[in-house]
């Protein structure tokens, strides 16, 4: 019985974060928790990307002194992840600002309630009568 | 080294689960900061010091502050159970599934 | 002007966008003129590059780093056509009544869309894709009505989930191939991505890019967003941004994932999109949502057309996409003019003859009534599908034809209401002229193209031949002077350096 | 029902990704482009930190896009929360306690220096414009927590972020004019590892640091100033 190699442990961690985050995104109800789940999923994606450049026994891609002291890990995925992290926090801030605004306007922080009221709002804006008898609104929206 | 990695990854995954499952949102935000901190340790382990610094500053620090500010403005700044109190028609079913 | 200057088409709108909010504090007019100037300059640069290339192709190494290492922009007819459409359409749909912040976001959106058309590097495409996404969230949320903010939030969450999948797909591709450049990937793909893992990566990327392209399972945002924002913004998003996302998918399909399974996946999702979109449009009770769902259906046809391998599919897809790029924004402008529930529009079209004529024209073309371009686009699609001859392709062709019937049913029903003799309860006021001017321009181009079908067809064929020429792409990007010297791919993948190793002998994992 | 299908979806995706692991070259990536950067990155850019070389030189336009995303997000937050909508109760906010105030005053110069250090050494050591920018933003935001009545001047922030972005694009355009390639590295490479080396890369990182700092400070103070959502 040998232990799984280090990369597998890390890869499993990254995939777990991705799955947990995506599961949270489809199942959560509270808007703030949806934003949090998104952050977890992004963290998983970022780790996955960094792992694509990792190799055993290599050093960080920074030249200290004249000659490199052995093989280095791939710097490209690290640069990509720097970009992805900053993108993630920008999107998160915008999402939270929208949550605040939506809460102020609709008085709810729950996704299903928000969705129902949004549909009512759209009907009202289009001048449609608020109709309860309309067959399940879910049928009309392709998700 | 190996067991440290396993430990950090385990902490990271368990905190990620906690983000979804903790009933209190302030606690969930704290858990998400723990995810980021553990992740930045993992980045150090995979020889990505730049990414580790960014993740610690941005993921754990900045995004934690933004989340806490938002929670304060939402009036969810407390240690109660955030799934119940909203007086709404659709109360949080499935929030902690 | 050398081809290198094409980076200006991305850089200038960004520069103007950065300065716009600060400048707008002192003078809103100055910010507006700055934006117009930047977009006009961007269009001029792209036009002059197009003229210079004269049907050829070129690659631009951004920053001067040779392509597999640095980022390359690839210029061919298809890329330049869509890139040129960006500043032109953005100028036509400029948010005239907006704030300097909205100008800034519109400029950033234009820069990102241009980048999507030109870039030849998958992560750079991801960055531009995210930039279009964030800019459009801001633009949607800038509307005063609270429904716009709710729609923007739901759009953001869906889109961000898609981006995570896209990022995961990119990670899998990079792990397999060690490169991000599309041309380099095209050389490596036959060896490293022709298996279930490659297909999985394509599926992840398709779902991620599909959010903007209104692809079937990830298009829930479409009706909500398009019916909460102004007709100008809806036109911009439905007409332009969705097409550029499709363009990226097509590039990935042609260059990196030329497998029948990948095309079949696109065919199936596109077909489902047609069915869901057209049926929902048929059931919709207000003009905005009818057009939004119809947009989903049309994008489904685009995906179905592009799923046909070879130049025939590209020609058909480009025809449908360009036709939709022309008609749908104009229809959204007309919808803003009338707006509201279809039943409330009884007789609204009488007395507004220009608008009604335009509506009839676009509706007929969208349905595909013979002399109009929409007919030829659909005909090309159906013919290329039938020629392919496989079961799913035939089914797709049948669905496209059935969709035509459904489209005819609901568009003619709406038309009947608009032109009905008896007047409705309240007659909606006609407003602003400029919207009608833009729509009339689109109408003129549509009618004009009827008389230029042959040159247009030849032009599309030339574009398509260029687009499917994978060898040409690779040669242009990687084979330039001074680039092939120590191109890493030319070394045997098994032995390069200490780290490179072929995928199928991973001893650590096998143990 | 919805939860069940979602769980099924997530489980399926997880299973699928774990199966992928068997076919992926984990721990020994092909690194075709990566080898190239490792081999010639230092010589081509003069940066000792190769991640910085990739971020600012090889993939400089990615970084420009990333700055634009942050810019668009900050503009979006401003549009959504609205500058005019200042919290009516902001005047009534109590000042922070002595510890918070003293800490904010003590930390301010320290954070500014650390932030600048991180920005300026981005081409030599881990860190750079993004990390340093966040620290700078923290330096300016922290006193705000202690004294909620003093708000940051959004006009100044707007000019800083606009001009810093313009400087980044401007350096790119300068390279286009001088070398014919947008964002190509300019100026002498210097000695590897010296503070004044790597040509225009440190200048680019300073622009990044200022822009990121201004945007994040503006973003946080907008969030801080907005009125409570429930009211």
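Please treat every number below as a calculation from the coordinates, not as lab data. Computed from a predicted model, the values in this text were never measured in an experiment. A quick note on method: Cβ atoms are made from the backbone with ideal geometry, for glycine too, and the neighbour counts reach across all protein chains shown.
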Helix A:111-125 versus the longest principal axis of chain A: what is the Cα-based angle in degrees, 0 to 90, to the nearest 10? 50 degrees
If the convex hull is drawn through the Cα atoms of the stretch C:1-142, its volume per residue in Å³: 99 Å³
Label points 7 Å out from Cα along the Cβ direction at residue C:413 and residue C:144: separation in nm? 3.4 nm
Could you run the Debye sum over the Cα atoms of the protein assembly as shown, one equal point scatterer each and no solvent, and tell me log10 of I(q)/I(0) at q = 0.05 Å⁻¹, two decimals? -0.27
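Give me C:328, C:378 sorted ascending by neighbouring Cβ count inside 10 Å, so fewest comes first.
C:378, C:328
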Relative to the longest principal Cα axis of chain C, at what angle does helix C:287-306 sit, 0 to 90 degrees, rounded to 10? 30 degrees
Between the Cα axis of helix C:182-192 and the main Cα principal axis of chain C, the angle (0 to 90°, nearest 10) is 60 degrees
Final fewest-first order of D:71, D:141 on the 10 Å Cβ neighbour count is D:141, D:71
Can you check what the Kirkwood hydrodynamic radius comes to for chain A, Cα pairs only, in Å to one decimal? 18.9 Å
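Go ahead and run the numbers for FRET between residue C:441 and residue C:44, Cβ-Cβ distance against an R0 of 25 Å, rounding to 0.05.
For R0 = 25 Å, the calculated efficiency reads 0.80.
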Tell me what chain C gives for mean residue ellipticity at 222 nm when only DSSP H runs of n ≥ 4 count, each as -39,500 (n - 2.57), the sum divided by the residue total, rounded to 500 deg cm²/dmol. -23500 deg cm²/dmol
Please state, rounded to one decimal and in Å, the Kirkwood hydrodynamic radius that the stretch B:9-74 gives when every pair of distinct Cα atoms enters the mean of 1/r. 12.0 Å
What FRET efficiency would be calculated for the residue pair residue B:72, residue D:99, taking the C-beta separation as r and a Förster radius of 30 Å, to the nearest 0.05? 0.95
With runs of 4+ DSSP H residues as the only contributors, calculate the mean residue ellipticity of chain A at 222 nm using -39,500 (n - 2.57) per run, divided by the residue total and rounded to the nearest 500. -22000 deg cm²/dmol
Chain C, Cα convex hull volume normalised per residue, Å³: 148 Å³
Relative contact order (%) - criterion: Cα under 8 Å, at least six apart; region: the stretch C:1-142: 29 percent
